[in-house]
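Working notes for the structure below.
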2 protein chains.
Amino acid sequence: MNDQPIGFIDSGVGGLTVVKEAMKQLPNENFIYLGDTARCPYGPRPKEQVIQFTWEMAHFLLNKKIKMLVIACNTATAVALDEIKEQLQIPVVGVIMPGTRAAVKATKNHRIGVIGTKGTVKSASYKRAIKEKNENTKVTSLACPKFVPIVESNQIHSSVAKKIVFETLLPLKNKHLDTLILGCTHYPLLRPVIQDAMGQDVTLIDSGAETISEVSMLLDYFNISNAENKKMGYAEFYTTGSTHLFDQIAQEWLDKGEIQSKQVTLGGTDNAS
Amino acid sequence: MNDQPIGFIDSGVGGLTVVKEAMKQLPNENFIYLGDTARCPYGPRPKEQVIQFTWEMAHFLLNKKIKMLVIACNTATAVALDEIKEQLQIPVVGVIMPGTRAAVKATKNHRIGVIGTKGTVKSASYKRAIKEKNENTKVTSLACPKFVPIVESNQIHSSVAKKIVFETLLPLKNKHLDTLILGCTHYPLLRPVIQDAMGQDVTLIDSGAETISEVSMLLDYFNISNAENKKMGYAEFYTTGSTHLFDQIAQEWLDKGEIQSKQVTLGGTDNAS
């Protein structure tokens with residue numbers, strides 16, 4: 001029994017889709033979230049830089065005495081999970097393996113699509129993980145670099161967003177996919193539009209939601225859940241960028257009343273990028 | 001990447017329901033199964049004796065170089081999991097927490113039933129675990145001591161079996177349960193009869209099947225899956241009792257062709273019980 005918070009890190013607001021699922025599945029737990037909005041997107045950045053930024057976020061949360069770290073960002077998971085997991089004493093969870101397991105379980109025709117940032121697609125992490133589980137599965141990956149900026153600027157309901165999503169996903173339409181992994185935690189915020197673009201027959205896999213099942217299992221496995229807490233858990237939010245825009249998106253998405261994030265500065269926060 | 005087998009132990013043939021799910025979800029993995037049929041059922045035995053027998057089974061499989069141990073028996077999980085998990089270097093998984101998580105997720109009216117052996121019900125393990133996750137859930141537990149002998153004697157299709165199941169479950173009929181945990185790995189072999197007796201509206205939770213999702217996650221988490229094996233996995237079966245009856249049940253249940261188990265003797269195998 002352990003009432004320390006679970007930490008979530010993301011390049012921006014995308015990891016909130018993982019926190020939303022955590023609040024639903026783990027109502028007794030406490031959460032701390034850090035979004036590196038000032039340096040978002042991570043997708044186009046060099047691997048070494050993403051690893052460095054991810055460590056900076058991890059250290060910020062370790063100072064807050066988290067009991068578990070969730071890398072709620074596919075780009076960061078792809079390049080930094082193994083290293084961080086190996087070096088930390090607390091359990092560290094990424095979003096790629098849970099999404100992979102769910103997709104392999106869901107597909108019937110063994111044609112899985114993966115959409116993500118340039119960094120995630122370049123890492124081929126999903127493709128490799130899927131092939132290891134079932135080498136006969138055909139995996140089609142597509143980078144969607146325009147999606148994260150739509151979400152970070154809170155334009156998800158705009159007609160421009162719809163047009164961009166439909167156009168971007170066009171190359172996947174004739175691939176006979178029955179399952180599509182939303183391989184970026186920002187994408188569930190665009191889920192209805194993505195579902196419309198792909199058609200209702202395609203099962204969308206929300207890697208973040210799947211990740212919380214793994215978090216739940218590991219809390220039990222390591223016996224560190226906050227099971228005897230009779231209060232509802234609390235959540236704290238930090239961002240390296242504008243708190244105003246962050247709070248607006250977090251309030252709408254999490255639907256838990258007013259949210260007041262705090263602005264923080266990380267290592268060499270580079271607002272210009 | 002690790003091609004060592006995953007070990008499964010049970011008081012008898014019940015753990016085969018867990019192996020069946022493992023063969024489905026983890027086709028590349030290798031399995032070793034040990035059923036302590038000669039000393040089955042464990043349900044009515046004193047706690048100390050179940051702990052001793054479970055250790056004897058664990059040691060038998062550790063000598064076979066297993067990479068993970070699944071205690072595919074609720075009675076043994078209830079009393080021996082914590083101790084064995086703490087002392088072994090390999091991951092050890094029980095069947096109670098996976099069943100609990102699935103039931104808490106499935107119930108809508110927060111009335112969950114648990115059926116199991118006398119030992120499992122007496123331990124109150126499910127009740128405690130469910131209450132820790134949601135204290136507002138009403139849990140009704142019922143020991144069904146006649147079910148294991150029906151399965152072990154391969155009488156599952158008999159009319160007597162049906163009569164016994166219907167009569168035993170009668171006390172649960174007016175409890176307004178929407179979810180029932182099959183809290184003994186033998187019970188999924190009686191699933192159709194149990195479903196008939198409870199009604200089609202009640203969701204039956206197969207703890208064993210849920211356990212394999214945990215095994216799958218932990219194989220990834222500890223990076224010990226046999227992912228690059230391009231062959232289908234193998235399975236070996238050991239029993240302390242009659243190989244003839246064991247093979248008959250295993251062949252029908254697993255539906256994987258002929259099975260030839262080997263008879264082994266454990267510590268103080270007590271054939272008279």
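Residues of the range B:200-212 that are in contact (Cβ under 8 Å) with a residue 24 or more places away in the chain and either basic (Lys, Arg) or under 30 Å from residue B:173 (Cβ atoms) (or both): B:202, B:203, B:204, B:205, B:206, B:207, B:208, B:209, B:210, B:211. Looking at A:141, A:123, just one residue is crowded, with 18+ Cβ neighbours inside 10 Å, at pLDDT 95 or above, within 19 Å of the chain's Cα centre (by Cα) and within 16 Å of residue A:74 (Cα to Cα), and that residue is A:141. In this structure, is residue A:236 at pLDDT 95 or above, of a type in the set (Asp, Glu) and closer than 30 Å to residue B:100 by Cα? Spelling it out, residue A:236 is indeed at pLDDT 95 or above, of a type in the set (Asp, Glu) and closer than 30 Å to residue B:100 by Cα. So, of the residues in the range A:70-92 that are in a strand (DSSP E or B) and in contact with a Leu (Cβ under 9 Å, 6 or more places away or on another chain), which turns out to be nearest to residue A:222 (Cα to Cα)? Residue satisfying both the conditions and the ranking: A:92.
When restricted to residues that are in a loop (DSSP other than H, G, I, E, B) and either within 16 Å of residue A:71 (Cβ to Cβ) or more than 14 Å from every other protein chain (Cβ to nearest Cβ) (or both), the range A:19-42 contains 5. Restricting attention to the range A:120-137, which residues are more than 10 Å from chain B (Cβ to nearest Cβ), out of contact with any Ser or Thr (no Cβ under 7 Å at 6 or more places or on another chain) and either aliphatic (A, V, I, L, M) or in a helix (DSSP H, G or I) (or both)? Listed by number, the residues that qualify are A:122, A:123, A:124, A:125.
On the given criteria, is residue B:189 away from every other protein chain (no Cβ under 14 Å), touching a residue at least 60 places away in the same chain (Cβ under 8 Å), over 30 Å from residue A:94 (Cα atoms) and surrounded by 18 or more Cβ atoms within 10 Å (Cβ to Cβ)? In short, yes. Looking only at the range A:86-119, residues that are within 14 Å of chain B (Cβ to nearest Cβ), aliphatic (A, V, I, L, M), surrounded by 20 or more Cβ atoms within 10 Å (Cβ to Cβ) and more than 21 Å from residue A:7 (Cβ to Cβ) come to 3 in all. Of all the residues in the range B:138-163, those that are assigned to a strand (DSSP E or B), of a type outside the set (D, E, K, R) and either in contact with a Lys or Arg (Cβ under 8 Å, 6 or more places away or on another chain) or within 14 Å of chain A (Cβ to nearest Cβ) (or both) number 4.
Yes or no: the range A:47-59 includes at least one residue that is under 21 Å from residue A:247 (Cβ atoms) and buried (at least 24 other Cβ atoms within 10 Å of the Cβ). Yes. Taken over the range B:231-251, residues that are exposed (fewer than 14 other Cβ atoms within 10 Å of the Cβ) and either free of Cβ contacts under 8 Å to residues at least 60 places away in the same chain or β-branched (Val, Ile, Thr) (or both) amount to 1. Please indicate, with yes or no, whether at least one residue in the range B:62-69 is within 14 Å of chain A (Cβ to nearest Cβ) and not in a strand (DSSP E or B). The answer is no, given that none of the residues of the range B:62-69 is within 14 Å of chain A (Cβ to nearest Cβ) and not in a strand (DSSP E or B).
Residues of the range A:194-230 that are in a loop (DSSP other than H, G, I, E, B) and within 10 Å of another protein chain (Cβ to nearest Cβ): A:223, A:225, A:226, A:227, A:228, A:229, A:230. Taking residues in the range A:58-69 that are assigned by TED's automatic domain parsing to the domain that holds residue A:220 and on the phi > 0 side of the Ramachandran plot, and partners anywhere that are at pLDDT 95 or above and crowded, with 22+ Cβ neighbours inside 10 Å, the pairs with Cβ atoms closer than 8 Å and at least 6 places apart or on different chains are A:65/A:5. For the range B:2-18, the set of residues classified as hydrophobic (A, V, I, L, M, F, W, C) and not in a strand (DSSP E or B) consists of B:13, B:16, B:18, listed by residue number. As a summary of the residue check, residue A:227 satisfies the conditions (1) hydrophobic (A, V, I, L, M, F, W, C); (2) farther than 24 Å from residue A:13 by Cα; (3) modelled with pLDDT of 95 or more except for the one numbered (3). For first residues located in the range A:19-45 and crowded, with 20+ Cβ neighbours inside 10 Å, partners that are among the basic types (Lys, Arg) and lie 6+ apart or on another chain with Cβ distances below 7 Å form the pairs A:32/A:64; A:43/A:118.
The values are calculated or read from the model by the stated rules, or taken from the named source; none is laboratory data. Since the model is a prediction, treat every value here as computed from it, not as a measurement. A quick note on method: Cβ atoms are made from the backbone with ideal geometry, for glycine too, and the neighbour counts reach across all protein chains shown.
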